[in-house]
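Presented below is the structure to which this report refers.
Here, each number is a calculation from the coordinates, and none is a lab measurement. No experiment lies behind these values; they were computed from the predicted model shown. Because the Cβ atoms are built from the backbone with ideal geometry, glycine has one as well, and the counts that use them run over all protein chains shown.
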């Protein structure tokens, strides 16, 4: 077993553990029997914790599934519509945007349930037993969700400069740092390195000349802040890139949210830290909102989530991953990244593929995983295959969290390598075919056909797979 990869264990002894201490063939002493009964009554499991928070899921699901048709009517009324003006688009009729707003409302409803239960006598949810003080859902996460959704919504409605959207993502990242959400992820990696140089905290004081004061630099804090920014930018763009088929991003995110929820429930059952309740609320709300939107978005879709939805789902997913390391459990962050590995692989492939072709990173193409599968299996077949792959990565992440890290790492490496090599091979074949065509034309004495010049396109006509700027489904 890898260091620091110990499985999550409940803090309370089970009744079986208590009874196993009784000598064989002997009667159970009254004290042991009483202790076993008391332990059984107090046992905290993932299932028992989930019962207490199920109200969050119900609220998010119902609000999303009911708000989506209203957002569709609003989008049609104000012409916030995706027209099928590109050959790679599957829909043959205009489809409304603003599905991302419905997802946002569902998330807010689920989170609101947690606030109501904490601040009023109406107990819609029952928090798990904990020794930590009750804590409301962090405002910094709500602020980041709102900033991300508004940035995507403005792009869906009026078009937004990509630099402004990146600025919105960075603001959302800074909001997380307000409550140290994700900052402590760096501690599990940086502290052992600091111990090697005799400064485990990596906290340095620099005297200010002429003053009786010192300027302190916390290397772990600033490294964690940089990790937040990188993770948020990467996840938001990964979600946007994979959102190319009806229901694909919604379903993949729902599968990932179920995996995150399993890890969050395990931490809550073990009473790991002060963020346990907020983590479960976020995962429950994310799962409920995705499942509420999926019936409307699955092929044939009646509404697309737009950038407002794709950026929001990527943001919520990576916040769930970063929160797993709040108490320094870096292996759980790795497990969360494995659960979310499908969008990460697709984004990595897009970067490598465009680099190989000499294209800018923002250049669109039709070589994403879902494009390759769609040509052979159709839209629904491709979506179901990618659901299956996402489910496999979800199970591997769970295996890592249970302490079987080496086996899961090996399996994840094999699966990811197979997908990466296959996709790069397909892209490389097309590059080789183009080189052969040009060489043949030159050998025949003919000038190769020039590439058609790229033209600037308005927001309604931009291709689907541009990072953080595409019409999202």
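A protection proxy built from the mean count of other Cβ atoms within 10 Å ranks the segments 386-392, 302-308, 213-219, 372-378, most packed first, as 302-308, 386-392, 372-378, 213-219. Distance between the modelled labels on residue 226 and residue 437, one decimal in nanometres: 4.3 nm (7 Å Cα→Cβ projection). I need the shape label for the range 144-292. Rule: rounded when a/c is under 1.5, else prolate if a/b > b/c, else oblate, with a, b, c from the alpha carbon gyration tensor. The shape class here is oblate. You can think of it this way: the chain between residue 415 and residue 79 has 116.7 nm of extra reach, that is 0.36 nm per residue less the Cα-Cα gap. Averaging the Cα positions of each part gives two centres, and for the range 282-352 and the range 191-231 these lie 31 Å apart. Fully extending the segment from residue 392 to residue 93 would add 104.2 nm, taking 0.36 nm per residue of separation and subtracting the current Cα-Cα distance.
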